[in-house]
Amino acid sequence: MKIAVTSQNFKRVTGHAGRSRRFIIFDVGTPCDEPKVVWLDLPVEMTFHEFAGGPHPLDDVDVILTASAGEGMVAKMAQRGVQVITCGESEPRKAVRDYLTGEVKRANPFAHLELERHTRA
């Protein structure tokens, strides 16, 4: 199973999944295995907000964990067979662990507003 985590700084789970360019991808084998980790840095035209269609580097992931995602992003990824889950955990490895154990921390419904406020400042 491959789980992608939106992370604009490769340190924290970030939101705005449709605009995200950076993902940490965890390739999880059996629960006892240490997951293989890949850092993916996409050009802006490959963000799902800008993407025109065709094959995409995230087509082979099963799940995207993010702090926030719009309905359009969730629907677009569902058509590709990828589930989008919003979560309130900021540490990527813990977010993946929580997902695998069925204990996803509830997302902050105002996370996208906080991000916009920080980017304007």
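The values are calculated or read from the model by the stated rules, or taken from the named source; none is laboratory data. Small disclaimer: the values here were computed from a predicted structure and weren't measured. Here Cβ is always computed from backbone atoms with ideal geometry, including for glycine, and neighbour counts include all displayed protein chains.
Quick look at the numbers
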| item | result |
| --- | --- |
| Check on GLY70, of a type outside the set (Lys, Arg) and within 11 Å of the chain's Cα centre (by Cα) | no |
| Qualifying residues in the stretch 1-17 (those that are of a type in the set (A, V, I, L, M) and not in a loop (DSSP other than H, G, I, E, B)) - the one farthest from GLN79 (Cα to Cα) | VAL5 |
| LYS76 vs. criteria at pLDDT below 95 and either over 23 Å from GLU34 (Cβ atoms) or among the polar types (S, T, N, Q) (or both) | yes |
| So ASP33, is it within 25 Å of THR101 (Cβ to Cβ), modelled with pLDDT of 95 or more, of a type outside the set (Gly, Ala, Ser) and exposed (fewer than 15 other Cβ atoms within 10 Å of the Cβ) | no |
| All positions within the stretch 1-30 that are hydroxyl-bearing (Ser, Thr, Tyr) and loosely packed, with under 15 Cβ neighbours inside 10 Å | THR30 |
| Test set (1) farther than 15 Å from LYS2 by Cα; (2) in contact (Cβ under 8 Å) with a residue 12 or more places away in the chain - PHE26 fails condition number | (1) |
| Among (1) among the β-branched types (Val, Ile, Thr); (2) under 20 Å from PHE10 (Cβ atoms); (3) surrounded by 13 or more Cβ atoms within 10 Å (Cβ to Cβ); (4) over 13 Å from the mean Cα position of the chain (by Cα) - the single one VAL44 does not satisfy | (3) |
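Let's see how each residue does on (1) farther than 16 Å from ILE3 by Cα; (2) basic (Lys, Arg):
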site	(1), (2)
ARG21	no, yes
GLU34	no, no
VAL37	no, no
VAL61	no, no
ARG93	no, yes
ALA107	yes, no
